[in-house]
Amino acid sequence: MTEKLYAGDAYLTTCDATVAAVDLEGIVLDRTVFYARGGGQPGDSGVLRWDGGEVAVTDTFTSKETGELTHAIDGDPPPVGAAVTAEIDWDRRYTHMRTHTALHAMSGVIFSDYGAKVTGGNMDSGGSARMDFELDGISQEFGREIEEKLNARLAEDVPVHVIELPRAEALADPDLIRTKVSLIPESVDPIRVIDIVGIDKQADGGTHVRSTSEVGRVRVVKTENKGRAFKRMRIQLDDA
């Protein structure tokens with residue numbers, strides 16, 4: 001299996017690696033800084049370079065066929081066994097990191113103040129995202145209220161920690177139980193947790209910034225009633 005360097009350090013932009021396999025879906029490396037799409041976060045794009053060539057990586061995903069982290073490419077692949085340098089599109093990734101942290105912070109604010117759990121979420125590469133909540137009602141006024149509270153918390157410059165907890169400890173944590181940590185496959189142990197100190201704590205495999213101040217200001221651009229106890233909020237990074 002590919003060593004996922006981004007899981008330990010989301011700020012790594014490049015790494016040396018060896019091509020482990022090539023198939024019709026793309027390239028598998030022995031280690032990578034490329035995040036494979038999942039949990040609502042898009043996969044990374046970038047470039048692979050090797051002696052005598054380079055190829056663009058257009059997406060990164062976990063193959064349903066092989067279960068391997070796969071780099072989709074646009075061009076001819078390097079040969080199996082080749083030494084390559086993998087480099088992500090950092091500007092795109094950093095936008096994902098900021099957006100992802102903003103979503104977690106918003107979910108923490110809404111749970112803390114209104115007791116509403118998250119039921120889904122997704123983000124794009126332009127600094128916009130949506131999150132769904134178990135709320136009875138929603139309005140534009142509610143959206144403005146959440147925007148004000150969210151930006152106040154983000155401006156506090158709260159640290160964001162990546163920690164790994166033994167599965168039993170994670171299942172016993174009331175903060176993690178509310179985020180349905182029990183749905184994570186039993187084979188996953190320890191469980192990777194993102195802790196935005198005092199704001200939100202969730203089992204999560206995505207990439208995040210080190211502090212909430214890096215997120216910047218966020219706008220709540222739309223609130224939607226999608227049905228009973230199914231309310232959606234859409235956000236946008238102010239400078240993206």
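No lab work stands behind these numbers, since they all come straight from the coordinates. Note that this is a predicted model, so its numbers are computed, not measured. Here the Cβ positions follow ideal geometry from the backbone for every residue, glycine too, while neighbour counts run over all protein chains shown.
Between residue 187 and residue 173, full extension at 0.36 nm per residue minus the direct alpha carbon distance yields a gain of 3.2 nm. The ranking of 84, 118 from fewest to most other beta carbons within 10 Å of each one's beta carbon is 118, 84. With r defined as the distance between the Cβ atoms of residue 239 and residue 7 and R0 fixed at 22 Å, what FRET efficiency is calculated, to the nearest 0.05? Using R0 = 22 Å, I get an efficiency of 0.25. The lysine pair count for the chain, using Cα distances under 24 Å and pairs eight or more places apart or on different chains, is 19.
Ordering 9-16, 124-131, 205-212 by mean Cβ neighbour count within 10 Å, with the highest value first, yields 205-212, 124-131, 9-16.
Full extension of the chain segment joining residue 51 with residue 134 gains 24.6 nm, where the gain is 0.36 nm per residue of separation less the Cα-Cα distance. Seen from all directions on average, segment 3-88 presents a Cα convex hull projection of 5.0 nm².
So what is the diffusion coefficient of the chain in µm² per second by Stokes-Einstein at 10 °C and 1.306 mPa s, using a Kirkwood Rh over Cα pairs? For the chosen part, D equals 84 µm²/s. Quick check on the chain: helices-only [θ] at 222 nm, where DSSP H runs of length 4 and up contribute -39,500 (n - 2.57) each and the sum goes over total residues. Nearest 500, please. Rounded to the nearest 500, it is -6500 deg cm²/dmol.
Relative to one another, the C-alpha centroids of segment 58-121 and segment 10-54 are positioned 12 Å apart.
In whole angstrom, segment 111-240 maps to an equivalent ellipsoid with semi-axes of 25, 19, 13, each derived as √(5λ) from the alpha carbon gyration tensor and ordered largest first.
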